[in-house]
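A quick write-up on the structure given underneath.
Laboratory data are not the source of any read-out in this text; all were calculated from the coordinates shown. All values derive from a computational prediction rather than experimental measurement. When we count neighbours, we look across all protein chains shown, and the Cβ atoms used for this are built from the backbone with ideal geometry, even at glycine.
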Amino acid sequence: MLAVTILGNNSAVPVYDRHPTSQIITVGNQLLLIDCGEGTQIQMMRYQIRRRKISHIFISHLHGDHYFGLIGLINSFALLGRLQPLHIYADKKLEHIIKIQIDAGDNRIPFDLYFNTIEEGVLVDEADFTVTAFRTEHRIPCFGFCVEEKKPARRINGEALLQYKIPTSYIEKFRKGDDVLLDDGRLIQNELITYANTPSKRYAYCADTRYTESFVKYIKGVDLMYHETTYLDNLSAQAYDRFHSTTKQAAQLAKVVEAKRLLIGHFSSKYEKLNDFEREAKEVFEQTALAIEGTTFLA
Ligand SMILES: [Zn+2]
Ligand SMILES: [Zn+2]
């Protein structure tokens, strides 16, 4: 399964019970955190996120609305006695920023904390998923992320396993799609035991950015694409000046990407209501949804 749960969908300052950017990605049995704005921990509690399961944290850039919650989260992990390693991917300045805060309080971190500098390309390649980073066009260095789940080529048919009396030690070989020679001398054709798996899903998080098609090659045809829409269409000049995007620009990019669905967020604090964001984006790209906090979207 690949899914995203929205914890924060606002830009700049928290207002109208909307919070700065933060998203939880569920992939396999791991949780990834993308951005960690102020209030992320409270949102995790509100929406019952099992934060112990977070293995990797990705910080798109060092504007405060994307990482001011991070030191609090690390501190809580320490107080709660976390032992599992935590991998953080960010601009290289972040390690220094976090370490100053840890050292100033003479805090002890009981788990291994790894800082990795983001560069364009494959950042993480695990058994269950990969994460690829791509540059966006923002006022300071900023990266988006594409998360792709990895699935075995084939799914096991439990009934066929019993019918052909296949020992469980052979299951992994069948998952890979091979015909398998058993110790008893039988050669079992793969199609007797397995089904084709469903295709792996991809989720793209397009961080703060002006409209640009520079990263389309990394996310072409994604199942679910998040793009910021800080402003409505009438403020496109302001969006350009401030290195942000509008509803119609996000929707236009979703079209170019040929995304199956679009999520929009990072709403400016000047807007109390969000209906116009949805309406404008849908005029260009029908399969659009607002990234409402607390909602989980399947890729
Ligand atoms: Zn931002
Ligand atoms: Zn920013």
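Just the Kirkwood number for segment 1-114, please: inverse of mean 1/r across all distinct Cα pairs, in Å, one decimal. If you can, show how the numbers build up before the last one.
Details: mean 1/r = 0.0702 Å⁻¹.
Hydrodynamic radius (Kirkwood, Cα pairs) of segment 1-114 is 14.3 Å.
Pull up the cross-link candidates among the aspartates and glutamates for K99, meaning alpha carbon to alpha carbon under 16 Å and not fewer than 8 places away within one chain.
Straight-line reach from K99, under 16 Å: D91, D112.
Taking the Cα centre as origin and putting +1 on Lys and Arg beta-carbons and -1 on Asp and Glu beta-carbons, what dipole magnitude results for the chain, to the nearest 20 debye? Could the numbers behind the result be given before it?
Working: 36 positive and 38 negative charges, 78 e Å.
I would put it at about 380 debye.
R0 = 25 Å: FRET efficiency of T295 with M1, Cβ-based, nearest 0.05? The partial results should precede the final answer.
Values: r = 16 Å, r/R0 = 0.63.
It comes out at approximately 0.95.
For segment 208-214, what does the Karplus curve 6.51 cos²θ - 1.76 cosθ + 1.60, with θ = phi - 60°, yield as ³J(HN,Hα) per residue in whole Hz, taken in order and with x for Gly and Pro?
These are the phi-based 3J(HN,Hα) values: 3, 6, 6, 4, 8, 9, 5 Hz.
Determine Rg/Rh for segment 4-55; Rg is computed over alpha-carbon atoms and Rh is the Kirkwood hydrodynamic estimate from the same atoms.
Values: Rg = 10.7 Å, Rh = 11.0 Å.
With Rh from the inverse mean 1/r over Cα pairs, Rg/Rh is 0.97.
Using amide H atoms built 1.01 Å from N in the peptide plane, name the residues 5+ places from L123, or on other chains, whose amide H lies under 5 Å from its own.
V131, T132, A133
Show me, for segment 269-284, the HN-Hα J-couplings you get by feeding each phi into the Karplus relation (A = 6.51, B = -1.76, C = 1.60, θ = phi - 60°), rounded to Hz, glycine and proline as x.
5, 6, 9, 7, 9, 10, 3, 5, 4, 5, 4, 5, 5, 5, 4, 9
Taking amide H positions as placed 1.01 Å from N in the peptide plane, with prolines and chain starts having none, which residues 5 or more places from A289, or on another chain, fall under 5 Å of its amide H?
Those lying under 5 Å, H to H, from A289 are L262, L263, I264.
Which residue fluctuates most in the GNM of the chain (Cα springs below 10 Å): T117, T209, T198?
Looking only at T117, T209, T198, the biggest GNM fluctuation is shown by T198.
Of all DSSP beta bridges located in the chain, what percent are antiparallel, nearest 5?
Values: 36 of 63 bridges.
Restricted to the chain, the bridges split so that about 55 percent are antiparallel.
Placing +1 at every Lys and Arg Cβ and -1 at every Asp and Glu Cβ, with all other atoms neutral, what dipole size does segment 1-131 have around its Cα centre, in debye to the nearest 20? Each step should come with its number before you reach the end.
Working: 11 positive and 14 negative charges, 106 e Å.
Its charge dipole is roughly 520 debye.
Could you give the nm distance between label points at E137 and Q30, where each point is 7 Å from its Cα heading toward the beta carbon?
Modelled inter-label distance: 3.3 nm.
Pick from D35, D103, D128 the residue whose mean-square fluctuation is largest in a GNM of the chain, springs joining Cα atoms under 10 Å.
Largest GNM mean-square fluctuation: D103.
How far is helix 70-79 tilted, in degrees, relative to the longest principal axis of the Cα atoms in the chain, given as a value from 0 to 90 rounded to the nearest 10?
It works out to around 50 degrees.
Give me a comma-separated list of calculated 3J(HN,Hα) values for segment 215-222, in order, Karplus coefficients 6.51, -1.76, 1.60 applied at θ = phi - 60°, integers in Hz, x for any Gly or Pro.
Calculated HN-Hα couplings, in order: 9, 4, 4, 7, 10, 3, x, 4 Hz.
Using the 10 angstrom Cβ neighbour count as an exposure proxy, how do H56, H138, H87 rank, fewest first?
Values: H56 24, H138 21, H87 17.
Listed from fewest to most nearby Cβ atoms, that is H87, H138, H56.
Please state, as a whole number in µm²/s, the translational diffusion coefficient that the Stokes-Einstein equation yields for segment 147-299 at 4 °C and 1.567 mPa s, with Rh defined as the Kirkwood radius across alpha carbon pairs.
Numbers: Rh = 18.2 Å.
Result for D is 71 µm²/s.
Angle check, please: helix 93-104 long axis (alpha carbons) against the longest principal axis of the chain (alpha carbons), in degrees 0 to 90, nearest 10.
80 degrees
Divide, for the chain, the radius of gyration over alpha carbons by 2.2 N^0.38 Å, where N is the residue count.
Details: Rg = 21.5 Å, N = 299, 2.2 N^0.38 = 19.2 Å.
With N residues counted in the chain, Rg over 2.2 N^0.38 Å equals 1.12.
For helix 247-257, what angle does its Cα long axis make with the longest principal axis of the chain, in degrees from 0 to 90 and rounded to 10?
The answer is roughly 30 degrees.
Just to be sure I understand: with springs between alpha-carbon atoms less than 10 Å apart, which residue in L113, L274, L181 has the highest mean-square fluctuation in the Gaussian network model of the chain?
L181
Non-local amide H neighbours of T21 (under 5 Å, H modeled in plane, Pro and chain starts lacking H): which ones?
Sorted by chain and number, the residues that satisfy this are N10, G37.
Over 24 Å apart: what share of the alpha carbon pairs of segment 107-206 falls there, rounded to a whole percent? Display every interim value, and only then the final one.
On the way: 2476 of 4950 pairs.
Of the Cα pairs, 50 percent sit more than 24 Å apart.
With a cut-off of 8 Å between alpha carbons and a minimum separation of six or more residues, what is the relative contact order of the chain in percent?
Details: 657 pairs, mean separation 50.6, N = 299.
Computed value for the chain: 17 percent relative contact order.
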